[in-house]
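Inspection log for the structure reproduced underneath, given as structure tokens.
The values are calculated or read from the model by the stated rules, or taken from the named source; none is laboratory data. Everything quoted here is computed from the prediction, not taken from an experiment. Reconstructed Cβ throughout: ideal geometry from the backbone, glycine too, with neighbour counts over all protein chains shown. Ligands, DNA and RNA are excluded from the accessible area calculation, which covers all protein heavy atoms including side chains. Shrake-Rupley method; radii C 1.70, N 1.55, O 1.52, S 1.80 Å.
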Amino acid sequence: VPQVQPRTEELSELYRELSQHPGLSTACLGPDLTTQYGGKYCSLYTEWSQRDLARTENIKFCRQYLIFHDGASIVYSGPAGTCSEIKDELLSRESPSGMLKAVLRKISGKEKEKEKEKQFSEVWDQNRKVKSIDLTALDKHGSIYDDDQFGCLAWSHSETHLLYVAEKKRPKAESFFQSKAPELGTSDEDMGHLKKEDAPVKGKQFVYHEDWGETLSTRSVPVLCVLDIEGTSISVLEGIPEYLSPGQAFWSPEDTGVVFVGWWHDPFRLGLRHCTNRRSALFYVDLTGGRCELLSEDTRAVWSPRLSPDGCRIVYLENSVLGPHQQCSHLRMYDWYTKHTSTVLEAVPRQAWGAFPGIYCGALPGMCWAADSRRILLDTAQRSQQDVFVVDTATGTATSLTADSPKGSWSVLTIDRDLLVARFSTPSCPPMLKVAVLPAPGRETETQWICLQDTPPVPGISWGIRTLQPPPEQEHPQYRGLDFDAILMRPSEGPTAQKPPLVVMPHGGPHSVFTAGWMLYPAALCRVGFAVLLVNYRGSLGFGQDSVASLPGNVGTQDVHDVQLCVERVLQEETLDASRVALVGGSHGGFLACHLIGQFPDTYHVCVVRNPVVNIASMVATTDIPDWCLTETGLPYKPDALPDPAQWTEMLNKSPIRYVDRVRAPVLLMLGEDDRRVPPKQGLEYYHALKARGVPTQLLWYPGNNHALAGVEAEADGFMNMALWLLKHLQ
């Protein structure tokens, strides 16, 4: 049997090569211009991210393109100039006219003077920077939110004001015993006239402030801020109830007020990242009277509100509160003038080819409306692919714009004046930039995609999608007939191409999905010489709400059996080396990997897990998402519930720690020190259990990394150690 034995230097060089493929994050179309011959063209500004291994950081860079079009088709398109790095930008946004650009920027303080980081607002026109405002000096709020959960940067329609979200200004705190001499030249009378809000509060420096959990640990009390560009002043909007945390805000028509999403944070904050099931609603706050008005139901979870170009309608996504963190969402629409709310698209129980699969996206594109203010564009998982759809909000019909295009993962970046910009990738092809003109209603299937940034496929990787049906004894009694998918990647060249060893990768979540797009780790493992099996077990997104609903209460059995069925099937039907099978998984994928090496010890020969869930019973009291532990175990969640022995027993019985006595495969654990979602004590618990039983194990501990282990250094080191561990134990 051919052995996979590249040297460490070859592995690191392979990773260096593949990790240099940039990711495409945002796109913005400039205003239409007319040539002297009457032709129309516009600029396309794009932002990309790339790993810089030498600097151990992700860098951002921009690249511009020109698009010549006649309104119905693209005549010519191509790049304009070279790339340039973007430094220290928090957020940026073009104005509605396209003539101005706002940038929120952070500037590191000077070390010698021990200055703190400063935040600035800048306004640029087409020739120069016309405004630079020191927001830190104005001292109206704390740090600006640049995340995609709360954060926003919105121009008023008049282009005179900017709207953004920041942390509420917190009073300075000092010790009960703090004594401070007045500054030179400051009299007692001056000290007495200090602003009340600037006076330090004694004994409050150790008060605990709740935050919003994983990746949002610096987010506690967000406030909406309005910057008057000409007057160089900031107003923190009043009138928002104290029980709400506002975000995702934009200006209402006529700039009379602000529309925002408000999340309830009583009785306490739960983790919000990747949790589209938190109680929230759409609100409007009036700028003059400070009146706050509810625009949607207040018993649901809503996000991603988007205002139509004519200012008449707002579409947004909606889920039920609690239950699975990710679900098949509803698309709702609020009419600004009639105050009527309608449902455009319902949740879809079962996916069927040729029909709309349902909405499973984390957010709508920032610009999603067609010029007619009737149709919107979105992308969503459709089983193991991701496709772009146009939705007619008047009729509720959805049409695929990528059905006749190459299969893979499509994402909408922006649409403006019916010019559509998208990203496309496959498991063997890194992201590329595509543009099209949205056809007239009824002709959307005629969409012609043009490639602006052609990325050649990575050689040596072939892939395909296979569908599996569980045997009758493993059917869900309430949701019979569900099937699931797996993406199989194989090396198409090299010494192991004929009969490669197999790496099995179940995804995390559990309610997420592998779509057939570019993924660094699987591609790199394939180039090393492994076949990689990416399993979308029942409970994954993109297969209908019934599939999502089938898993809670059945974790540790249904999902485990789906993965095992898939592995046994591909080992029977493909030329793979059944004597060399490995497991790699993170989060719930790590939960499944630890289950599989315990429940099926004869199948798997080595295992690598990243921040795995090991013991649900011990996780429930330490995670930022305790509701997840109960929901996925099949139990109801109540914030005021006390520990219950029967519930703990149920959680323990569904956990992989229960099968640790049967584990024989060597296990490599990778843990993020700052993980709030699956705290590293989960992995440590498994590590100690394995060590006590004499199972070969190694633990990698990554400071400064959270649940995703996405720091450039941790990600690179993690790949190298993973590949070497697999190679060592699959000889």
Taking into account only those residues within region 341-392 that are within 18 Å of G481 (Cα to Cα) and among the basic types (K, R), which is surrounded by the most Cβ atoms within 10 Å (Cβ to Cβ)? R383
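This table checks each residue for (1) modelled with pLDDT of 95 or more; (2) surrounded by 14 or more Cβ atoms within 10 Å (Cβ to Cβ); (3) over 27 Å from P309 (Cα atoms).
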| position | (1), (2), (3) |
| --- | --- |
| E174 | no, yes, yes |
| E183 | no, no, yes |
| H193 | no, no, yes |
| Y208 | yes, no, yes |
| E230 | no, no, no |
| L237 | yes, yes, no |
| P246 | yes, yes, no |
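Residues are listed down the side, and each one gets a yes or a no for (1) in contact (Cβ under 8 Å) with a residue 24 or more places away in the chain; (2) part of a helix (DSSP H, G or I); (3) under 21 Å from E214 (Cα atoms); (4) in contact with a Phe, Trp or Tyr (Cβ under 7 Å, 6 or more places away or on another chain):
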residue: G589; (1), (2), (3), (4): yes, yes, yes, no
residue: H595; (1), (2), (3), (4): yes, yes, no, yes
residue: P601; (1), (2), (3), (4): yes, no, no, no
residue: T623; (1), (2), (3), (4): yes, no, yes, no
residue: C629; (1), (2), (3), (4): no, yes, yes, no
residue: L642; (1), (2), (3), (4): no, no, no, no
residue: A646; (1), (2), (3), (4): no, yes, no, no
residue: L652; (1), (2), (3), (4): yes, yes, no, no
With respect to T445, is the statement that it is polar (S, T, N, Q), open to solvent by 20 Å² or more (accessible area, probe 1.4 Å) and modelled with pLDDT under 95 true? yes
Among S550, S587, which is under 26 Å from the mean Cα position of the chain (by Cα), open to solvent by less than 20 Å² (accessible area, probe 1.4 Å) and small (G, A, S)? S550
When region 68-91 is checked residue by residue, the ones that are surrounded by 15 or more Cβ atoms within 10 Å (Cβ to Cβ), within 28 Å of the chain's Cα centre (by Cα) and over 14 Å from W48 (Cβ atoms) are L90, L91
Might you let me know whether region 504-525 holds any residue that is within 21 Å of L11 (Cα to Cα), at pLDDT 95 or above and of a type in the set (F, W, Y)? yes
Residue count, region 326-345 (criterion: assigned to a loop (DSSP other than H, G, I, E, B) and more than 23 Å from the chain's Cα centre (by Cα)): 5
Filter region 248-274 down to the residues that are more than 29 Å from D627 (Cβ to Cβ), outside any helix (DSSP H, G or I), open to solvent by 10 Å² or more (accessible area, probe 1.4 Å) and not aromatic (F, W, Y) and list them by number. T256
Just the residues that are of a type in the set (A, V, I, L, M) and assigned to a strand (DSSP E or B), please, taken from region 50-93. I59, L66, I67, I74, V75, A80, I86, L90, L91
State yes or no: is G366 over 30 Å from M505 (Cβ atoms), assigned to a loop (DSSP other than H, G, I, E, B) and either free of Cβ contacts under 8 Å to residues at least 12 places away in the same chain or out of contact with any helix residue (DSSP H, G or I) (no Cβ under 8 Å at 6 or more places or on another chain) (or both)? yes
Pick out the one residue from G311, G323 that is surrounded by fewer than 22 Cβ atoms within 10 Å (Cβ to Cβ) and within 21 Å of the chain's Cα centre (by Cα). G323
Region 289-319: number of residues that are small (G, A, S) and either touching a strand residue (DSSP E or B) at 6+ places or on another chain (Cβ under 7 Å) or closer than 12 Å to V261 by Cα (or both): 4
Tell me which of these Q564 doesn't satisfy, since it passes every other one: (1) surrounded by fewer than 24 Cβ atoms within 10 Å (Cβ to Cβ); (2) closer than 24 Å to I359 by Cβ; (3) without any contact (Cβ under 8 Å) to a residue 60 or more places away in the chain. (2)
Within region 492-521, restricting to residues that are open to solvent by 10 Å² or more (accessible area, probe 1.4 Å) and not in a loop (DSSP other than H, G, I, E, B), the one that is nearest to P552 (Cα to Cα) is M505
Take region 34-79 and flag every residue that is out of contact with any strand residue (DSSP E or B) (no Cβ under 7 Å at 6 or more places or on another chain), modelled with pLDDT under 95 and among the polar types (S, T, N, Q). Q36
Scanning region 346-363 for residues that are in a loop (DSSP other than H, G, I, E, B), touching a Ser or Thr at 6+ places or on another chain (Cβ under 6 Å) and among the hydrophobic types (A, V, I, L, M, F, W, C), the one nearest to C28 (Cα to Cα) turns out to be A363
Tell me which residues, restricted to region 450-498, are at pLDDT 95 or above and among the charged types (D, E, K, R). R466, E473, E475, R480, D483, D485, R490
Considering region 463-491, residues that are among the basic types (K, R) and part of a strand (DSSP E or B), and then whichever is farthest from G544 (Cα to Cα), we arrive at R490
When you go through (1) out of contact with any helix residue (DSSP H, G or I) (no Cβ under 8 Å at 6 or more places or on another chain); (2) in a strand (DSSP E or B) one by one for I234, which number turns out not to apply? (1)
Exclusive hit being more than 18 Å from the chain's Cα centre (by Cα) and open to solvent by less than 40 Å² (accessible area, probe 1.4 Å), set Y316, Y284: Y284
Quick check on region 95-123: of everything there that is among the small types (G, A, S) and modelled with pLDDT under 95, which residue is surrounded by the most Cβ atoms within 10 Å (Cβ to Cβ)? G98
Just give me the residues in region 393-431 being surrounded by fewer than 20 Cβ atoms within 10 Å (Cβ to Cβ) and of a type in the set (A, V, I, L, M, F, W, C), in sequence order. A394, A403
Could we say that G290 is more than 20 Å from C361 (Cβ to Cβ) and at pLDDT 95 or above here? no
Selection from region 603-621 of residues that are without any contact (Cβ under 8 Å) to a residue 60 or more places away in the chain, part of a loop (DSSP other than H, G, I, E, B) and under 30 Å from R279 (Cβ atoms): V620, A621
Of the conditions (1) within 23 Å of A347 (Cβ to Cβ); (2) open to solvent by less than 10 Å² (accessible area, probe 1.4 Å); (3) out of contact with any His (no Cβ under 7 Å at 6 or more places or on another chain), N277 fails just one. Which one is it? (3)
Only unsatisfied item for S97, checking (1) free of Cβ contacts under 8 Å to residues at least 40 places away in the same chain; (2) over 29 Å from P200 (Cα atoms), is (1)
Just give me the residues in region 618-649 being modelled with pLDDT of 95 or more, open to solvent by less than 70 Å² (accessible area, probe 1.4 Å) and of a type in the set (D, E, K, R), in sequence order. D624, D627, E632
